[in-house]
Amino acid sequence: MTGIQWGYSMNQWNTWLNTLRLEEIERAFKVVSVCGFSGIELQVGTGRWSMMGRPELIERRFGSQERFNLFLHECNLDKVVSWYYDPGSFIQEENTFGRDPADPKAHAGIIEAVEPFARYLQGLGGSFIVVRPMLSYWQAAPVTGDKIRAAAACWNKVGRMTGNYGIKVLLDPDFLCAIRSVEDLDHLLAETDPAYVGLAINTADFKLAGMDPVAVFEKHADRVSLFYFKDVQVEDTLGEYKLEHADSILNTGGQRKIERWFWEMGRPEGLVDFPALFKSIKAHSFDGWIMAESDQSPNPAESAMLNCWYIRHELLQT
């Protein structure tokens, strides 16, 4: 059990992190720390929409990487464990509306985009660049073997580059991603180099897509370096991931008007079997990171405390 490390993804703290007021960032970091999490994940972003989303913006706010590291340690956090990168996102600093990993002509741009984050993350003591392996299904369909191989080739190239900084690439397909079946995930992993490219399992997104997180982990335990623990109360039984601009259902709720897709651990309505997954994690002597998160939380501090309670009083007692 001593090998498991607990962290927190800051993706739902945007209101606090996208501010120029350091006391708001300090408050967010200290809440995470007091709940027992020792590392955090940041999300690659752009401009004023993600003020903690780029190395140059962090430098502008804190003055230097050393001062940001000191700030983390003063909040009793050890490190930034990982940075999440979606190659399909709009990035104004890179003058791109998104790049497709399945398009070989986009590979050079993706490598160039990721390198500053790998370099900066090395200085923060981090370990992983977590990536969305392909575009959304509605953008990439039909998902063919050639497209999967091209995307795998992209991440192999990126992984070799980040490996120069001691950083590993982890594939993280969400439930809207073109990689959303066990068969396609198996194919993608088979085409990537385990030395440079691993897997992150996002419990809620896997469940939404109809994949069993426990089964996937037990099949690919040697490739998994990080988990995202969050819950979900519904599955995408309507196939809305196929619709044009399907990404919008996260905000609109889709045809069923789902008010909130993702939840903290421990809710009785939750579909993720965390006790079974945690038992499997222990049985495989997993010694990587488990990142709690609760996307779409109206109160991220409360969510952190609820996740903390569930970990301490439920999971760690299994």
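Counting Lys and Arg as +1 and Asp and Glu as -1, what is the net charge of the other residues whose Cβ lies under 13 Å from the Cβ of Q12?
That sum, taken over residues with Cβ under 13 Å, equals -3.
Of the beta bridges DSSP finds with both residues in the chain, what % are antiparallel, to the nearest 5?
Bridges in the chain are about 10 percent antiparallel.
Given the -39500 (n - 2.57) contribution per DSSP H run of 4+ residues, what per-residue ellipticity at 222 nm results for the chain, rounded to the nearest 500 deg cm²/dmol?
-11500 deg cm²/dmol
With a 1.4 Å probe and every protein chain left in place, work out the accessible area per residue of the chain in Å², rounded to a whole number.
42
Under a Cβ-Cβ limit of 4.7 Å, which cysteines in the chain have nobody to pair with?
C75, C154, C177
For the chain, which whole percent of the accessible surface, found with a 1.4 angstrom probe, sits on carbon and sulfur atoms? Please report the intermediate quantities before stating the final value.
On the way: 6480 of 13410 Å².
Reported share for carbon and sulfur atoms: 48 percent.
Once you order the gyration tensor axes a ≥ b ≥ c over the Cα atoms, which shape class does segment 79-195 get: rounded for a/c under 1.5, otherwise prolate or oblate by comparing a/b with b/c? Before the final figure, lay out each step's value.
Working: a/c = 1.77, a/b = 1.39, b/c = 1.28.
Cα axes put segment 79-195 in the prolate bin.
What percent antiparallel are the DSSP beta bridges of segment 27-134, to the nearest 5?
10
Using a basic spin-label model with each label point 7 Å from the Cα along Cα→Cβ, how many nm lie between Q92 and R256?
Simple spin-label model gives 3.7 nm for this pair.
Using the Cα centre of the chain as origin and beta-carbon charges of +1 (Lys, Arg) and -1 (Asp, Glu), tell me which of N164, P268, M291 is placed farthest towards the positive end of the dipole.
N164
Below 8 Å, C-alpha to C-alpha, sequence gap of six or more: please give me the relative contact order for the chain in percent. Spell out each step's value before the answer.
Values: 582 pairs, mean separation 57.0, N = 318.
Reported as a whole number, the value is 18 percent.
Calculate, in nm to one decimal, what R67 and E26 gain on full extension: separation in residues at 0.36 nm each, minus their alpha carbon distance.
Values: separation 41, 0.36 × 41 = 14.76 nm, distance 1.33 nm.
So the extension gain works out to 13.4 nm.
How high is the FRET efficiency from E74 to R267, r the C-beta distance, R0 30 Å, rounded to 0.05?
Given R0 = 30 Å and the Cβ-Cβ separation, E is 0.35.
The values are calculated or read from the model by the stated rules, or taken from the named source; none is laboratory data. The model shown is predicted, which means the values in this text are computed figures rather than measured ones. Here Cβ is always computed from backbone atoms with ideal geometry, including for glycine, and neighbour counts include all displayed protein chains. The area values use the complete protein model at the heavy-atom level, side chains included, leaving out ligands, DNA and RNA. Shrake-Rupley method; radii C 1.70, N 1.55, O 1.52, S 1.80 Å.
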